[in-house]
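Following: one structure in structure tokens, then a few remarks.
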Amino acid sequence: MKTNPETAAFPLDHLAVGRDPDADALVTRSGTLSYKMLNHRIGALAAWLQDQGATKGDRVATWLSKTELACLMPLAAARAGLVHVPVNPLLKQAQVAYIVEDSGARLLISNAGRLKTLADNGIDDSCTLFEDKSVEEALASVATPLAPSAANMDTDDLAAILYTSGSTGRPKGVMLSHANLTLGALSVAEYLKLAADDRTICVLPLSFDYGQNQLLSTWAAGGCAVPLDYLTPRDVMKACVRERITTLAAVPPLWVQLVEHEWPEEAVGSMRRLTNSGGALTPTLVRQLRGIFGTGTDIYAMYGLTEAFRSTYLDPALIDENPTSMGTAIPFAEILVVDEDGAVAGPDHPGELVHCGPLVAQGYWKDPERTAERFKNAPAASQYSGTAVFSGDTVKRGKDGLLYFVSRDDAMIKSSGNRISPTEIEEIAVESGMIAEAVALGVPDERLGQAIRLFVRPVEPGAEQASVTEALENYLKQNLPNFMHPRDIILLSEFPKNPNGKLDRNLLASMDIE
């Protein structure tokens, strides 16, 4: 039975309410929480947030690994009427400081080591910093946990800002409402056929829309979420056995690592579904996964963008015959392929993927210019009025009705499931003082999807490559997270230019580098 999106939206924190109170809801290193305990802890954290003076609409940021506190915060902030800003724990101090300042976060929760790097930079002048351990201790003394949000609250209220890299400039904050997040959870729970006895291992960062939805969709179905910070693929496999996992979501680079290992029978036997996004599954990967898990485990290929959460999924019954397909629209979404004239493209004709419907975000935080570039009136052919997201990705719809990816129209680099802004890498390289010009490109890499190649022109002509490369590598390691480190640094005495005088990225991309 399909759900009507016009009547299905509800306050985000209600995901912890109304289920079997004694069923397992969350398993972390701190222990197991039932739904009754989950709801209580969310209420206590929401009350604590209000006690700190935070008022409706204030932003609260977290810079945490997958702790219990990190898992509670999306719902606790919503219950307190606040806006959650999750920060990827892999980011360095400079990126975190930018996100905190840009979002105007009133308070930030992290561990002692991370907080020291921010305090040393003076960020505590504008944002109150709280150590996670002190917050956890304070929750035990909360006398009256905050009750669930009113069922009739406006679900268009802002609930979260997720920062995502763009092809130009600093990361931009995608504004998501209660309705965006709850309908997204219901949509995924519906097409994945999640049930109350499902156990989802959450290996992706909770700062990603895909990662956060692992929690939300599992709770929407009344299942149990098991967040995991892992070091090796074997850690994932062991956790799947230990926790009797039924659902595993990952990105292609992790799948490449996972299929290289022999999976225990216990992990294979309990697994009901594998889900992939953040890059396409290759036919080879599909065959390898099928070879390990057999036909008893469904494999879901998916496509999404933070601005609309998720757009398409491929029916697992079709993946063996159509491993390169993006599938069709998820519940609550309408996906159009639009040509240059704004008309719906015919079968096998490429066009831009346009996402319409209630999952469309509210735009970019404090950035009307970039909002106007991506969020526009829905095409005339849409069944939905209002705003649509124009993805910038070229796709085509086959005669079979399935969608197929053609190309990405922007310069984004996708490495290890991360969307990486080349401009951000280039700006940091130039800020080193050693580099006059820089261009970052994504190049094919079997394990990462794309690796980063950085072309640079040193400030000092004729500088020795080895010394410049070593010094720049050290600088980038101090100022960029690991997933943004270049695999290759190429020194050029002069950058090629196109007829418009701009750096010729296409020519750089075509250079034969040995």
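The values are calculated or read from the model by the stated rules, or taken from the named source; none is laboratory data. Every value quoted in this text rests on a predicted model; they were computed, and no experiment measured them. With ideal geometry, Cβ positions are generated from the backbone for all residues, glycine too; neighbour counts draw on all protein chains shown.
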Notebook entry, point to check: Can you find even one residue in the stretch 418-440 that is assigned to a strand (DSSP E or B) and out of contact with any helix residue (DSSP H, G or I) (no Cβ under 9 Å at 6 or more places or on another chain)?
Noted result: no
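Does the stretch 495-507 include one or more residues that are surrounded by 13 or more Cβ atoms within 10 Å (Cβ to Cβ), under 29 Å from Thr284 (Cα atoms) and not hydroxyl-bearing (Ser, Thr, Tyr)?
Applying the first criterion (surrounded by 13 or more Cβ atoms within 10 Å (Cβ to Cβ)) to the stretch 495-507 yields 495-496, 503-505.
Now restrict to residues that are under 29 Å from Thr284 (Cα atoms): none.
Checking the stretch 495-507: not a single residue is surrounded by 13 or more Cβ atoms within 10 Å (Cβ to Cβ), under 29 Å from Thr284 (Cα atoms) and not hydroxyl-bearing (Ser, Thr, Tyr).
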Notebook entry, point to check: So which residues in the stretch 246-296 are more than 26 Å from Ala195 (Cβ to Cβ) and part of a helix (DSSP H, G or I)?
Noted result: Pro252, Pro253, Val256, Gln257, Pro283, Thr284, Leu285, Arg287, Gln288, Gly291
Note to self: Looking at the stretch 300-315, can you tell me whether even one residue there is within 26 Å of the chain's Cα centre (by Cα), exposed (fewer than 14 other Cβ atoms within 10 Å of the Cβ) and either without any contact (Cβ under 8 Å) to a residue 60 or more places away in the chain or not assigned by TED's automatic domain parsing to the domain that holds Ile420 (or both)?
What the structure shows: no
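Does the stretch 461-473 include one or more residues that are hydroxyl-bearing (Ser, Thr, Tyr), buried (at least 19 other Cβ atoms within 10 Å of the Cβ) and without any contact (Cβ under 8 Å) to a residue 40 or more places away in the chain? Before you say what the answer is, go through the steps one by one.
So the first thing to find is which residues in the stretch 461-473 are hydroxyl-bearing (Ser, Thr, Tyr), and the list is 467, 469.
Among the residues that remain, those that are also buried (at least 19 other Cβ atoms within 10 Å of the Cβ) are: 469.
Next cut, without any contact (Cβ under 8 Å) to a residue 40 or more places away in the chain only: 469.
Yes; the residues of the stretch 461-473 include at least one that is hydroxyl-bearing (Ser, Thr, Tyr), buried (at least 19 other Cβ atoms within 10 Å of the Cβ) and without any contact (Cβ under 8 Å) to a residue 40 or more places away in the chain.
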Next item on the list: Provide a single number: the residues in the stretch 278-309 that are modelled with pLDDT under 90 and in contact with a Gly (Cβ under 7 Å, 6 or more places away or on another chain).
Entry: 3
Note to self: Out of everything in the stretch 346-380 that is modelled with pLDDT of 95 or more and of a type in the set (A, V, I, L, M), what residue ends up being nearest to Thr182 (Cα to Cα)?
What the structure shows: Leu359
Check: Across the stretch 107-143, what is the number of residues that are over 21 Å from Leu82 (Cα atoms), assigned to a helix (DSSP H, G or I) and of a type in the set (Ser, Thr, Tyr)?
Finding: 1
Checklist line | Residues of the stretch 342-367 satisfying the condition of being under 23 Å from Met175 (Cα atoms) and in a strand (DSSP E or B) | finding: Glu352, Leu353, Val354, His355, Cys356, Tyr364
Next item on the list: Can you give me the number of residues within the stretch 197-234 that are assigned to a helix (DSSP H, G or I), within 18 Å of the chain's Cα centre (by Cα) and not aromatic (Phe, Trp, Tyr)?
Entry: 9
Check: Scanning the stretch 235-261 for residues that are more than 23 Å from the chain's Cα centre (by Cα) and at pLDDT 95 or above, which turns out surrounded by the fewest Cβ atoms within 10 Å (Cβ to Cβ)?
Finding: Arg242
Next item on the list: Using the structure shown, decide if Cys127 is in contact (Cβ under 8 Å) with a residue 24 or more places away in the chain and surrounded by fewer than 21 Cβ atoms within 10 Å (Cβ to Cβ).
Entry: yes
Next item on the list: Collect the residues in the stretch 253-273 that are of a type outside the set (A, V, I, L, M), within 14 Å of Arg447 (Cα to Cα) and touching a helix residue (DSSP H, G or I) at 6+ places or on another chain (Cβ under 7 Å), keeping them in residue-number order.
Entry: Trp255, Gln257
Checklist line | Selection from the stretch 180-200 of residues that are over 14 Å from Ala16 (Cα atoms) and buried (at least 23 other Cβ atoms within 10 Å of the Cβ) | finding: Asn180, Leu183, Gly184, Ser187, Val188, Ala189, Leu192, Leu194, Thr200
Margin query: If Thr328 satisfies all but one of (1) buried (at least 21 other Cβ atoms within 10 Å of the Cβ); (2) hydroxyl-bearing (Ser, Thr, Tyr); (3) at pLDDT 95 or above, what's the number of the condition it fails?
Written below: (1)
Checklist line | Scope the stretch 179-196; condition over 19 Å from the mean Cα position of the chain (by Cα), in a helix (DSSP H, G or I) and within 30 Å of Thr232 (Cβ to Cβ); matching residues | finding: none
